[in-house]
Structures are given as C-alpha cells and as structure tokens.
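Novice: Pasting in a structure now, in structure tokens, and then I'll have a few things to ask.
The values are calculated or read from the model by the stated rules, or taken from the named source; none is laboratory data. Because the structure is predicted, anything quoted here is derived from the model rather than measured. Positions of Cβ are generated from backbone atoms using ideal geometry, with glycine treated the same way; all protein chains shown enter the neighbour counts. The area values use the complete protein model at the heavy-atom level, side chains included, leaving out ligands, DNA and RNA. Shrake-Rupley method; radii C 1.70, N 1.55, O 1.52, S 1.80 Å.
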Amino acid sequence: MPRISRKGQQMPESPIRKLVPFAENAYKQGKTVFHLNIGQPDIKTPQIALDAVKIHSLDILAYTRSEGSEKYRQKIAKYYAKNDIHVNHEDIIVTTGGSEALLFAFGTITDAGDEVIIPEPFYANYNGFSTASGVKVVPVISKIEDNFALPPIEEFEKLITPKTKAILICNPGNPTGYLYSKEEIKKLAEIVKKHDLFLIADEVYREFTYDGISHHSILQENGLENHAIIIDSVSKRYSMCGARIGCLVSKNKDVIKTTLKFAQARLSPPTLAQIASEAALDTPQSYFDNVINEYVERRNVLIEELNKIEGVQVANPKGAFYCIVQLPIKNSDAFAKWLLESFDIDGETIMVAPAAGFYSTPGMGLNQIRIAYVLNKESLVKAVNILKEALKIYKD
C-alpha cells in the first residue's frame, strides 16, 4: 500500500474540531450541546454584507485578480487608515481567509527547517501551518499565573539562531485573550530590527479590545516597514467566518511580490465573498459598539462564574473572545470526550477545546481548556454550571 507522507503523519489534529464526532453522537442521543469550543460568533452578520450578495448584477461568476479586486483593496486601505495604519492597496494581498494569508507568509519568508518564535499558548492551527510549511515552531512560554503576559524580551533573544526567520504573535490573542501593550510591541520591534527578522502579527481581533485599552498595530511602528507582516480576516470582525476572506498586508515590496506568486498559483480569492466583504467595510461604528458591549458583559459573567468553582484558575482576557481555564484534572482531552459521551444535566452538556493543542511544548496545557464566550449570557451561566457539576464527579 502506498505510504502517507511524513509531513501528513505529523500534521496535528485540530483541538477545536477533532471532537465533532462525539458532539454529533450526543445530538443523536437527544442532548443539547453548548459549544464553547469554537470561535463562531452568534452575532448577526451585518445586513449590508448579506444584501450585497443578494443584489449583485453579475452574469458570470468569474475569477478576480489573484491579489483581490483593486476596488476592494483600496477600500481595505481606507479602513486601515481609520485605524492609524497607513498603507496603500498595493501593500495588500486578499486571501482565502486569514489561514491562507499565514500559509502564504510562511511560504514567502521561510524555507524547510527554518524557525519561527511564537509565544505559547497560541492559535492551534499555527502548529498545522508550520508543519505544512516544514517550519519549526520555537515556543516562548507565557503563564496563566501572569495572565499570559509577554515573557521578558531576554527570553526571545535566547532563542534566536541563524535559522530564525520571524516572531509571530496574535494580538489580541487566541486562545488567551491577551492584548499586547504599545510598549510590548515596541520591544518586539526593536528585537526584529536588531536581528533582521520579520514580525508577523495576526490582528484579526483588532476591534475586540476591552476595559478602555486600545489595540496597537505593528504597522503603527516607525522603522518596521521591511519587517512587519499583518495577517487579517473578516471572519470575526463582521461575524463572517464562512466568507473565507482575509488578507496579508506588508510594506515590504519583496514580500508582496513573492506572496503574489503564491496567490497566482491558487488563482483567486472567492468572488462573491469579496463582494460581501467589501460591503461589510461600510458597517457603522454602532455595530461594533454594540458587539463590544455584549462581549464585555459575556466575559464578565463567564469569569465571575468560573471563579466560583473550587480548584479552577482562569486568566482575565483583555481582547478577542477566548480564555484559558486551568482545571483540577490531569487530562482535558479525556475530560472533553467524557463530557460529550457520559455526562449531562437534564439532557444538556458542553463541548470545550482541550488546550494542549494550543501549545507546541510537549506536556503543556494538559489540564487546561479554551473557552470561547460566543454564547449569550444565559447559556454561558448554564454551561459553567455544567462544568462545575461535572468536575465534582469526574475521575481521571
């Protein structure tokens, strides 16, 4: 029998999606499952985006340019300008989701065997993207006891080798909800300039910041023009996960020129989804104000309820809509399966994401889960109660 590639064998499962069959079995048993495992917002997509697709006048659903339509990229540039990020449309490559943007970034700046330094825990698919690209993830460990703050800069410099090509951050962070301060971004900027590295920032949660703290983009830093690469997406900003539209942004002309070759190889991003995404850029600020207020309330309810459970530790997120929760158990993977297979309260149970998949260091995160607070407040209270009662009887 022909063999599967070593790379394919090493490709990690998604901690977010691998338990779906267990959830489906729970549904077949008539259970209600509260999905805390995936960042699929229940917020309505802006109507302006949906209407743009309904009323389009296309006669042929044709290819667009490989870098995305010029009109859409010009409009994206105006969006960035409103956020004090000054680029032009030629600095933007439209991609099929932020995932493709990151794959393009790895393809553009790394060769097999190169290294990328990432503070962990990090978005689980970074493990998959690096494996697919033949890149080694070098983790800098942040700790729940420190609310997952950026480790000392000295810890980054210790890890830099001749194979290091970039530092990658998610800001605000998935899965921790950590929001990097302006001072932290400046420190990272100094490191990449000093060692001639790229700084990649996954900024898809830019709008989701709380407690009066604002987001500071790497492209707001002077002197990073040749070092900075932004990964972005419409998925969470406009609750348009299914559109699969993102972009890569850089002022480095060689990066854009090279990324375009990868974009040409996959032909073009989706046409109708670009139409929706372009229209979404006209979403009024009131939409975001309401969404942010809702997420702040959800976060506060979730953290308050989790803190009532004995033996549970939770970091307080300042952005995005996730948090890491440390449980008094040994293996959250087994616990998550048990919740779906063997536990319910009046026919209701929960689905969580085991956190080990958000680390690259073996053995880390085994007793942690990631919770996405994308449910309404009543459902969050119910879900945490289910967690509390489950922990009372669960045996590792």
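Novice: Would you confirm, using the coordinates I've provided, whether residue 45 is out of contact with any strand residue (DSSP E or B) (no Cβ under 6 Å at 6 or more places or on another chain), in contact (Cβ under 8 Å) with a residue 40 or more places away in the chain, under 25 Å from residue 295 (Cα atoms) and part of a loop (DSSP other than H, G, I, E, B)?
Specialist: On the way: out of contact with any strand residue (DSSP E or B) (no Cβ under 6 Å at 6 or more places or on another chain): yes; in contact (Cβ under 8 Å) with a residue 40 or more places away in the chain: yes; under 25 Å from residue 295 (Cα atoms): yes; part of a loop (DSSP other than H, G, I, E, B): yes.
So residue 45 fits the description; yes.
Novice: Hey, another quick one. Of the residues 318, 308, which single one is of a type outside the set (Asp, Glu), more than 27 Å from residue 100 (Cα to Cα), open to solvent by 30 Å² or more (accessible area, probe 1.4 Å) and out of contact with any helix residue (DSSP H, G or I) (no Cβ under 7 Å at 6 or more places or on another chain)? Walk me through it before giving the result.
Specialist: On the way: 318 fails: more than 27 Å from residue 100 (Cα to Cα).
Answer to the selection: 308.
The rows are residues; the columns are (1) free of Cβ contacts under 8 Å to residues at least 12 places away in the same chain; (2) farther than 22 Å from residue 23 by Cβ; (3) touching a Leu at 6+ places or on another chain (Cβ under 9 Å).
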| residue | (1), (2), (3) |
| --- | --- |
| 318 | no, yes, yes |
| 327 | no, no, yes |
| 330 | no, yes, yes |
| 337 | no, no, yes |
| 345 | no, no, no |
| 360 | no, yes, no |
| 365 | no, no, no |
| 372 | no, no, yes |
| 392 | yes, yes, no |
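Novice: Being open to solvent by less than 10 Å² (accessible area, probe 1.4 Å), farther than 30 Å from residue 389 by Cβ and out of contact with any strand residue (DSSP E or B) (no Cβ under 6 Å at 6 or more places or on another chain) narrows it down to one residue among 302, 248, 224; which is it?
Specialist: Details: 302 fails: farther than 30 Å from residue 389 by Cβ; 248 fails: out of contact with any strand residue (DSSP E or B) (no Cβ under 6 Å at 6 or more places or on another chain).
Only one candidate passes the filter, namely 224.
Novice: Same structure again: Applying the selection to the stretch 101-122, what residues are open to solvent by 30 Å² or more (accessible area, probe 1.4 Å) and among the acidic types (Asp, Glu)?
Specialist: Scanning the stretch 101-122 gives a single hit, 111.
Novice: Checking residue 64 against (1) within 14 Å of residue 247 (Cα to Cα); (2) open to solvent by less than 50 Å² (accessible area, probe 1.4 Å): exactly one of these is not met. Which one?
Specialist: (1)
Novice: Name the residue that is least open to solvent (accessible area, probe 1.4 Å), counting only residues in the stretch 123-148 that are out of contact with any Pro (no Cβ under 8 Å at 6 or more places or on another chain), in a loop (DSSP other than H, G, I, E, B) and modelled with pLDDT of 95 or more.
Specialist: Restricting attention to the stretch 123-148, the residues satisfying the condition of being out of contact with any Pro (no Cβ under 8 Å at 6 or more places or on another chain) are 125-126, 129-130, 132-138, 143-147.
Next, from what is left, pick out any that are in a loop (DSSP other than H, G, I, E, B): 134-135, 143, 147.
This time we only want the ones that are modelled with pLDDT of 95 or more, so: 134-135.
Values: 134: 35, 135: 14 Å².
Among them, the one singled out is 135.
Novice: Give the stretch 70-81 a look and list any residue that's open to solvent by less than 30 Å² (accessible area, probe 1.4 Å) and more than 18 Å from residue 205 (Cα to Cα), or say none.
Specialist: Once the filter is applied, which keeps residues that are open to solvent by less than 30 Å² (accessible area, probe 1.4 Å) and more than 18 Å from residue 205 (Cα to Cα), the stretch 70-81 yields 72, 73.
Novice: While we're on this one: Considering the stretch 346-396 alone, what residues qualify as being among the hydrophobic types (A, V, I, L, M, F, W, C) and open to solvent by 50 Å² or more (accessible area, probe 1.4 Å)?
Specialist: We begin by selecting, within the stretch 346-396, every residue among the hydrophobic types (A, V, I, L, M, F, W, C); these are 350-353, 355-356, 358, 364, 366, 369, 371-372, 374-375, 380-381, 383-384, 386-387, 390-391, 393.
Within the stretch 346-396, 364, 366, 381, 393 qualify.
Novice: Here's something else I'd like to know. Being under 18 Å from residue 359 (Cα atoms) and assigned to a helix (DSSP H, G or I) is the filter here; which residues of the stretch 149-170 pass it?
Specialist: Of everything in the stretch 149-170, those that are under 18 Å from residue 359 (Cα atoms) and assigned to a helix (DSSP H, G or I) turn out to be 155, 156, 159.
Novice: What about residue 66, is it out of contact with any His (no Cβ under 9 Å at 6 or more places or on another chain) and modelled with pLDDT of 95 or more?
Specialist: Considered against the rule, which asks whether it is out of contact with any His (no Cβ under 9 Å at 6 or more places or on another chain) and modelled with pLDDT of 95 or more, residue 66 comes out as yes.
Novice: Also, I was wondering about something else. Restricting attention to the stretch 95-104, does a residue exist that is assigned to a loop (DSSP other than H, G, I, E, B), closer than 30 Å to residue 374 by Cα and in contact (Cβ under 8 Å) with a residue 24 or more places away in the chain?
Specialist: Taking the stretch 95-104 and keeping what is assigned to a loop (DSSP other than H, G, I, E, B), we get 96.
Those still in the list that are closer than 30 Å to residue 374 by Cα too: 96.
Filter again for in contact (Cβ under 8 Å) with a residue 24 or more places away in the chain, leaving 96.
So far as the stretch 95-104 goes, yes, one or more of its residues are assigned to a loop (DSSP other than H, G, I, E, B), closer than 30 Å to residue 374 by Cα and in contact (Cβ under 8 Å) with a residue 24 or more places away in the chain.
So that you can scan it fast, the table gives a plain yes or no per residue for (1) over 14 Å from residue 150 (Cα atoms); (2) in a loop (DSSP other than H, G, I, E, B); (3) open to solvent by 10 Å² or more (accessible area, probe 1.4 Å):
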{"residue": "172", "(1), (2), (3)": "no, yes, no"}
{"residue": "179", "(1), (2), (3)": "no, yes, yes"}
{"residue": "184", "(1), (2), (3)": "no, no, yes"}
{"residue": "188", "(1), (2), (3)": "no, no, no"}
{"residue": "191", "(1), (2), (3)": "no, no, no"}
{"residue": "200", "(1), (2), (3)": "yes, no, no"}
{"residue": "204", "(1), (2), (3)": "yes, yes, yes"}
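Novice: Go through (1) surrounded by fewer than 18 Cβ atoms within 10 Å (Cβ to Cβ); (2) at pLDDT 95 or above; (3) not in a loop (DSSP other than H, G, I, E, B) for residue 2 and report which single condition fails.
Specialist: (3)
Novice: Right, something else. Being touching a helix residue (DSSP H, G or I) at 6+ places or on another chain (Cβ under 7 Å) and within 12 Å of residue 94 (Cβ to Cβ) is the filter; apply it to the stretch 264-274 and report the residue that is surrounded by the fewest Cβ atoms within 10 Å (Cβ to Cβ). Before the answer, list the steps.
Specialist: Going residue by residue through the stretch 264-274, those that are touching a helix residue (DSSP H, G or I) at 6+ places or on another chain (Cβ under 7 Å) are 272-274.
Among the residues that remain, those that are also within 12 Å of residue 94 (Cβ to Cβ) are: 273-274.
Working: 273: 20, 274: 22.
Top of the filtered list is 273.
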